[in-house]
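Undergrad: Have a look at the structure that comes next, please.
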Amino acid sequence: MTIPRPIPPPLAFRLIPLLIEPTLIGLLLAGRAFPAALVCIGLLPVFSVVQLRTLRRLDEFRGRVDALESELADAYTDPVTGLYARSVAEQYLADRTGSVLTVAVVDVDDLHGINATYGHEGGDVYLATIAQRLKTVAGGQLAARLGGDEFVLVTDEGPHALARAISQICEPPARVGSARVPIRVSVGITHTSGGDSSTALGQADRAMFTAKRRGGGVQIYDPGRDGHASPSEARPASRRRDSPPARHCVAE
């Protein structure tokens with residue numbers, strides 16, 4: 001059983017050696033985690049004084065630079081799916097406060113049953129297949145694994161357009177070994193209009209649990225029916241757009 005190759009995330013960074021000939025004084029870390037978003041520039045004094053005296057040529061520490069780059073990539077990505085890790089999604093949302101965006105939390109239904117039937121390796125294949133499809137839905141925007149059986153998408157698509165796109169990930173069924181396994185998910189979606197983006201994850205999560213209680217499908221967050229919503233978030237029922245009926249996401 002082969003796990004699909006992880007999706008390379010749009011994370012790019014370089015470690016640039018800083019030299020005062022013939023001594024290495026440190027490394028410059030320059031990285032981009034998202035298109036047009038420079039996220040870090042900093043000096044990393046990763047070698048001790050004793051080590052600096054022994055490192056006179058670039059080829060002597062190239063292996064150490066490669067290892068450090070690998071460690072940084074691992075810290076930002078999920079090893080099973082190749083998507084961003086939860087910490088990246090949370091930081092991205094915090095940085096986007098004030099932006100107009102749509103957030104979807106996608107929960108894989110009955111992952112426990114998949115693991116019980118096909119083993120944990122089969123469960124990883126199943127998750128990686130779903131991750132690849134969610135990555136396609138997100139396009140060049142954010143797709144991350146929150147942990148366990150949950151994923152998050154952050155895009156500038158409208159909530160209904162995103163709901164329709166996510167519904168398409170269920171077809172065809174996932175291939176796990178020789179089996180064709182139907183994909184079932186519960187999805188919660190919320191749309192922010194320049195507010196606190198970091199709260200959107202909780203709103204989408206609550207909408208997802210509403211969808212799960214209804215047997216799966218897609219539920220768009222309704223602040224007017226959420227006990228956690230502030231008065232400024234709630235809207236009169238006459239002004240709300242009803243969510244599309246929850247539809248269980250199943251590939252026949």
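Undergrad: Compute the relative contact order of region 86-239 as a whole-number percentage, counting only Cα pairs closer than 8 Å that sit 6 or more residues apart in sequence. Kindly include the intermediate steps, with their values, before the conclusion.
TA: On the way: 259 pairs, mean separation 45.2, N = 154.
Computed over region 86-239, the figure is 29 percent.
Undergrad: Rounded, prolate or oblate: pick one for region 114-180, where a ≥ b ≥ c are the square roots of the eigenvalues of its C-alpha gyration tensor, a/c under 1.5 means rounded, and failing that, prolate if a/b is larger than b/c, else oblate.
TA: prolate
Undergrad: Right, something else. Taking θ as phi - 60°, what are the ³J(HN,Hα) couplings along region 180-188 by the Karplus curve (6.51, -1.76, 1.60), each to the nearest whole Hz, with x for Gly and Pro?
TA: For region 180-188, the Karplus curve yields 10, 9, x, 9, 10, 9, 10, 10, x Hz.
Undergrad: Can you list residues whose amide H is under 5 Å from Thr97's amide H, if they're 5+ apart or on another chain and H is modeled 1.01 Å from N?
TA: Result for Thr97 returns Ser197.
Undergrad: Taking the Cα centre of each part, how many Å lie between region 116-167 and region 86-104?
TA: 16
Undergrad: Please check which bits of region 144-171 a label hung off His112 would reach, taking the label as a point 7 Å along Cα-to-C-beta and the cut-off as backbone N under 13 Å.
TA: Taking a point 7 Å out along Cα→Cβ of His112, the residues of region 144-171 whose backbone N falls under 13 Å are 149.
Undergrad: Also, I was wondering about something else. Quick one: Karplus J couplings for region 154-163, per residue in order, coefficients 6.51, -1.76, 1.60, θ = phi - 60°, nearest Hz, x for Gly and Pro?
TA: 10, 9, 9, 5, x, x, 6, 5, 5, 4
Undergrad: Also, I was wondering about something else. Mind running the shape call on region 86-239? Use the C-alpha gyration tensor, a ≥ b ≥ c as the square roots of the eigenvalues: rounded below 1.5 for a/c, prolate if a/b tops b/c, oblate otherwise. Could you put the intermediate results ahead of the total?
TA: Details: a/c = 2.16, a/b = 1.75, b/c = 1.24.
Because a/c hits 1.5 or more and a/b exceeds b/c, region 86-239 counts as prolate.
Undergrad: Can you list the residues, at least 5 places off or on another chain, whose amide H is less than 5 Å from the amide H of Thr77, using H built in the peptide plane?
TA: Those lying under 5 Å, H to H, from Thr77 are Ala85.
Undergrad: How much length is gained if the chain between Asp156 and Thr136 is pulled fully straight, taking 0.36 nm per residue apart and subtracting their Cα-Cα distance, in nm to one decimal?
TA: 5.8 nm
Undergrad: Contact order normalised by length for region 146-230, with contacts defined as Cα pairs under 8 Å and 6 or more residues apart; what percent is it?
TA: 25
Undergrad: In whole Hz, what ³J(HN,Hα) sequence does region 206-217 give by Karplus (6.51, -1.76, 1.60; θ = phi - 60°), x for Gly and Pro?
TA: 5, 5, 4, 5, 4, 4, 5, 5, 8, x, x, x
Only the coordinates and a few stated rules stand behind these numbers; no lab work does. Just so it is clear, the model here is predicted, and its values are computed rather than measured. A quick note on method: Cβ atoms are made from the backbone with ideal geometry, for glycine too, and the neighbour counts reach across all protein chains shown.
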